[in-house]
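Here, each number is a calculation from the coordinates, and none is a lab measurement. Everything numeric here is computed off the predicted structure, so don't read it as measured data. Here Cβ is always computed from backbone atoms with ideal geometry, including for glycine, and neighbour counts include all displayed protein chains.
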Amino acid sequence: MKLNFRLPTLFSIALFLFSCGNADDDVNLDLNLGDGLGKGKPVDECLDLGESDLVLSIQEQFTTLPGKVSIFFRVSDTDNNPVPGLTADQFTIYEQGRNDDCFNTISTSESQARISPNSQIFSNNTLLVLDLSNSVLSSSLEELKSASISFIDNVMPATPEDSFKMAIYWFDGENELHLLNAPTSSKQELTIAIEGITEDISNDPSTDLYGAVIKSTDIATGLLNESTSDGKIGAASVVIFTDGTDQASRFTEEAALKKVDEADSNISFFTIGLGGEIDTQVLTDIGKTFSVFAGNKEELETTFNDISFRVSQRANSFYLFEYCTPKRDGSGESNLAIQVKEGSRQGAVQTKFNANGFTGGCE
């Protein structure tokens, strides 16, 4: 696989949330191309690195003159659990040129190896969709507001970044998915929007759950199309909270599930149910990536935190690793292997790049 782009393509990725109890394979993000190593392949046996406990899945790669190699990848364990928070000193670089029998270790310090900010390539969009029908407004509004603010606080960066955005919508019995706050990177703006919800916000006491599913999927599709324009990579997430079943009967369960099942594979779906009137099977089918249920309003914040933890873990398990290669113009195609160590665990992946046009120095 050649890395011969002159200018890096900017990639965008929305929040990746993963399943606990639901089938994670239901959502194929189309970023993990090929096998579990994405665009990479197993490392050469001559390196003798041993059995892998971690999986490095290459999502994209490119080179930039005068001599920088950039690899964008996800790190997970063998059970597909994300591994966040890795630093550059936990990676080892190996290169093999056309005159090398095996790989040579490249000093991470001399090569200026680094984990670069993901803001250049990440565009994380989340839709938080809240049931504000009469049953919620009259009995659990304050708990829902507290749980939603906690969710925002856990997911959104403390310092606003254009690559992390969230929108908040709400529904009742009307044939409309109401916008509470447009996509924004401002945690403060989102929090103020939640705090501003009052008991008289809704004029329809019914619950149009299936309509909310259909409409939020359409909105997520629009966000995805926008983020994937100009050849970018993108994803979107829909997180729906409700304390009951569909009462409006405006749309059918079949139509809602069909919309979810046929949605772009880069859209993840999550549901949070509250109380004893929910249909757990329906919510599990809608929240095919992950679903969680609170028995009472006091458990709401815990369930919201459970999801926000998974949001953060997944988003922070993607890395843009960059280094300055010693290979120069005329050296031909070279093999590259990257190994990561995290405690007692290790994993590695191999790919190729071409040093065509490379000279000394690195931006």
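Can you pull the three principal axis extents for the Cα set of the stretch 192-278, in Å, largest first?
43, 36, 21
For the pairs Lys187/Lys215; Lys41/Lys327; Lys187/Lys341; Lys39/Lys187; Lys39/Lys215, flag any whose C-alpha to C-alpha distance is greater than 28 Å. Please report the intermediate quantities before stating the final value.
Numbers: Lys187/Lys215 24 Å; Lys41/Lys327 21 Å; Lys187/Lys341 33 Å; Lys39/Lys187 35 Å; Lys39/Lys215 34 Å.
In this structure, Lys187/Lys341; Lys39/Lys187; Lys39/Lys215 lie more than 28 Å apart at Cα.
What is the extension gain from Asp204 to Ala255, computed as 0.36 nm multiplied by their sequence separation minus the C-alpha to C-alpha distance, in nm to one decimal?
Working: separation 51, 0.36 × 51 = 18.36 nm, distance 2.23 nm.
Gain in length upon complete extension: 16.1 nm.
Taking the Cα atoms only, what angle lies between the long axis of helix 209-227 and the longest principal axis of the chain, rounded to 10 degrees?
Once rounded, the angle reads 30 degrees.
Efficiency by 1/(1 + (r/R0)^6): what FRET value for Glu298 and Glu262, r their Cβ-Cβ distance, R0 = 45 Å, to the nearest 0.05?
Approximately 0.75, to the nearest 0.05.
Working from Cα positions, state the angle (0 to 90°, nearest 10) between the long axis of helix 141-155 and the longest principal axis of the chain.
Value to nearest ten degrees: 10.
Per DSSP H run of n ≥ 4, the term is -39500 (n - 2.57); total these for the chain, divide by its residue number, and report the mean residue ellipticity at 222 nm rounded to 500 deg cm²/dmol. It would help to have the intermediate numbers written out before the result.
Working: 7 runs with 81 residues, N = 363.
-7000 deg cm²/dmol, from helical runs alone.
Net charge near Leu128: determine it from the other residues with C-beta under 15 Å of the C-beta of Leu128, scoring Lys and Arg +1 and Asp and Glu -1.
Values: positive: Lys145, Lys165, Lys187, Lys215, Arg310; negative: Asp131, Asp153, Glu189, Glu195, Glu301, Asp306.
Cβ neighbours under 15 Å give a net charge of -1.
Apply the Debye scattering formula to the stretch 271-312, with a single equal point scatterer on each alpha-carbon and no solvent, then give log10 I(q)/I(0) at q = 0.15, 0.18, 0.32, 0.35 Å⁻¹.
One equal scatterer on each Cα of the stretch 271-312 leads to -0.33, -0.47, -1.11, -1.17.
Between the stretch 132-149 and the stretch 257-328, what's the alpha-carbon centroid distance in Å?
Each part's Cα centre sits 20 Å from the other's.
Could you grab the relative contact order for the stretch 298-363? Cα pairs under 8 Å, six or more apart, rounded to a whole percent.
Relative contact order, the stretch 298-363: 31 percent.
If you keep only loop residues by DSSP, which trypsin sites (Lys or Arg not before Pro) in the stretch 74-114 have at most 14 other Cβ atoms within 10 Å of their Cβ?
Working: sites: Arg74, Arg98, Arg114; in loops: Arg98.
For trypsin sites (Lys or Arg not before Pro) across the stretch 74-114 that sit outside H, G, I, E and B with at most 14 neighbouring Cβ atoms in 10 Å, the list reads Arg98.
How long is the gain from Ser150 to Asp329 if the chain were fully straight, where each residue apart is worth 0.36 nm and the alpha carbon distance is subtracted? Mind dumping the intermediate values first?
On the way: separation 179, 0.36 × 179 = 64.44 nm, distance 5.20 nm.
Once the chain is fully extended between Ser150 and Asp329, it gains 59.2 nm.
Let me check I have the definition right: for the stretch 50-142, take the eigenvalues of the Cα gyration tensor, multiply each by 5, take square roots. What are those semi-axes in whole Å, largest first? Let's see the in-between values first.
Details: eigenvalues 369, 59, 27 Å².
Rounded to whole Å, the semi-axes are 43, 17, 12.
Please give me the summed charge of the neighbours of Pro84: other residues whose Cβ is under 12 Å from its Cβ, Lys and Arg +1, Asp and Glu -1. Numbers along the way, then the final one.
Values: positive: Arg74, Arg310, Arg314; negative: Asp77, Glu342.
Here the charged neighbours net out to +1.
Need one number for the chain: average projected area of the convex hull over its C-alpha atoms, nm². Show your work: numbers first, answer last.
Working: hull surface 72.6 nm².
Averaging across all directions leaves 18.2 nm² for the Cα convex hull.
Using DSSP to call loops (not H, G, I, E or B), can you name the trypsin sites (Lys or Arg not before Pro) in the stretch 313-363 whose Cβ has at most 16 other Cβ atoms within 10 angstrom? Please report the intermediate quantities before stating the final value.
Numbers: sites: Arg314, Lys327, Arg328, Lys341, Arg345, Lys352; in loops: Lys327, Arg328.
Passing sites in the stretch 313-363 are Arg328.
Once you've got the GNM for the chain with C-alpha springs shorter than 10 Å, pick whichever of Thr198, Thr64, Thr221 has the biggest mean-square fluctuation.
Taking springs between Cα atoms under 10 Å, the residue moving most is Thr198.
Rounded to whole Å and sorted largest first, what semi-axes of the equivalent ellipsoid does the C-alpha gyration tensor of the stretch 134-192 yield via the square root of 5 times each eigenvalue?
On the way: eigenvalues 110, 45, 9 Å².
Whole-Å semi-axes of the equivalent ellipsoid: 23, 15, 7.
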